[in-house]
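Q: This is the structure I have questions about; it appears just below.
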Amino acid sequence: MPCSCRPCRTRRNPAGNQPGLRWRSLIGACGFGSFSAFWTTVAFLLSRPPYGFDQLEIGLFALAGAAGALVSAFAGRHIDARPGLRWPATGVVQAVLLASYAPIGLGGAHPHWLSLALLAGGALTMDAAVQLSNLLGQSVIYELLPQARSRITAIYMTTMFIGGSLGSGAAPRTPTTAGAGPAHAWPRPPSPP
């Protein structure tokens, strides 16, 4: 018969007993959902006129955005050294993530070289914020139940990827630019005579 003492119950159901895990999983799901929605649709935006990017140029744009991931290498040491700042830092990172969508929106709405710079800057900022949010989330959840790390990781990552899937799934049904149709609304080929 399995043990029914409180520590054993907590290890068996960490999601039900750890509000920090639930909050961090929800924050991760929302951040990764918005990240996935952006990267799902930006290729459509960049391939259309007036940008008219080819696959190589879209790939180079994505590499420029991936530079935001370099922030996590620098920030990891600072987060570990100051554990009391994890929750306040999370608020700041979420505010930066939200603010990153202003230049992204301007970049998609008024296509020209300045808008492309805004789009790239917003993507870089968004990538950095999502990376930092994930880093902060993991630094909190791994201290909750050291004896249940595998289950905690499974809950956190599964929730985060569900958010990413929902973001990717919802993105093609939203306008990619002001006044444009949905991302999946490619022109139909002409009917045969």
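Q: Those residues that are among the hydroxyl-bearing types (Ser, Thr, Tyr) and either touching a Lys or Arg at 6+ places or on another chain (Cβ under 6 Å) or over 14 Å from residue 119 (Cα atoms) (or both), I need them from region 25-46; list them, please.
A: Residues of region 25-46 among the hydroxyl-bearing types (Ser, Thr, Tyr): 25, 34, 36, 40-41.
If the condition is that a residue be among the hydroxyl-bearing types (Ser, Thr, Tyr) and either touching a Lys or Arg at 6+ places or on another chain (Cβ under 6 Å) or over 14 Å from residue 119 (Cα atoms) (or both), then 25, 34, 36, 40 are the ones that fit.
Q: Here's another thing I want to ask about it. Restricting to region 44-58, name every residue that is at pLDDT 90 or above and of a type outside the set (A, V, I, L, M, F, W, C).
A: 54, 55, 57
Q: Okay, next question. Quick one: residue 73 ticks every box in (1) loosely packed, with under 12 Cβ neighbours inside 10 Å; (2) among the small types (Gly, Ala, Ser); (3) at pLDDT 90 or above bar one, so which box is it?
A: If we test residue 73 against (1) loosely packed, with under 12 Cβ neighbours inside 10 Å; (2) among the small types (Gly, Ala, Ser); (3) at pLDDT 90 or above, just (3) comes out false.
Q: Related question: For region 45-92, what are the residues that are of a type in the set (Ser, Thr, Tyr) and under 17 Å from the mean Cα position of the chain (by Cα)? Spell out the reasoning first.
A: We begin by selecting, within region 45-92, every residue of a type in the set (Ser, Thr, Tyr); these are 47, 51, 72, 90.
Hits for region 45-92 are 72, 90.
Q: Right, something else. When region 104-138 is examined, which residues are found to be assigned to a helix (DSSP H, G or I) and out of contact with any helix residue (DSSP H, G or I) (no Cβ under 9 Å at 6 or more places or on another chain)?
A: Passing the criteria: only 113.
Q: Ok, one more. In this structure, is residue 85 of a type outside the set (Ser, Thr, Tyr), surrounded by 13 or more Cβ atoms within 10 Å (Cβ to Cβ) and touching a residue at least 12 places away in the same chain (Cβ under 8 Å)?
A: Taking the combined requirement at face value, the residue does not satisfy it.
Q: For residues that are surrounded by fewer than 17 Cβ atoms within 10 Å (Cβ to Cβ) and within 17 Å of the chain's Cα centre (by Cα), scanning just region 101-120, find the one that is nearest to residue 21 (Cα to Cα).
A: My answer is 101.
Q: State whether one or more residues within region 65-79 are farther than 26 Å from residue 25 by Cβ, in a helix (DSSP H, G or I) and not polar (S, T, N, Q).
A: Looking through region 65-79, at least one residue is farther than 26 Å from residue 25 by Cβ, in a helix (DSSP H, G or I) and not polar (S, T, N, Q).
Q: Can you tell which of 36, 100, 47 is of a type in the set (Ser, Thr, Tyr) and either free of Cβ contacts under 8 Å to residues at least 12 places away in the same chain or in contact with a Leu (Cβ under 7 Å, 6 or more places away or on another chain) (or both)?
A: On the way: 36 fails: either free of Cβ contacts under 8 Å to residues at least 12 places away in the same chain or in contact with a Leu (Cβ under 7 Å, 6 or more places away or on another chain) (or both); 100 fails: either free of Cβ contacts under 8 Å to residues at least 12 places away in the same chain or in contact with a Leu (Cβ under 7 Å, 6 or more places away or on another chain) (or both).
Criteria check complete, one pass: 47.
The values are calculated or read from the model by the stated rules, or taken from the named source; none is laboratory data. Only a predicted model underlies this, so the values are computations on that prediction, with no experimental measurement involved. A quick note on method: Cβ atoms are made from the backbone with ideal geometry, for glycine too, and the neighbour counts reach across all protein chains shown.
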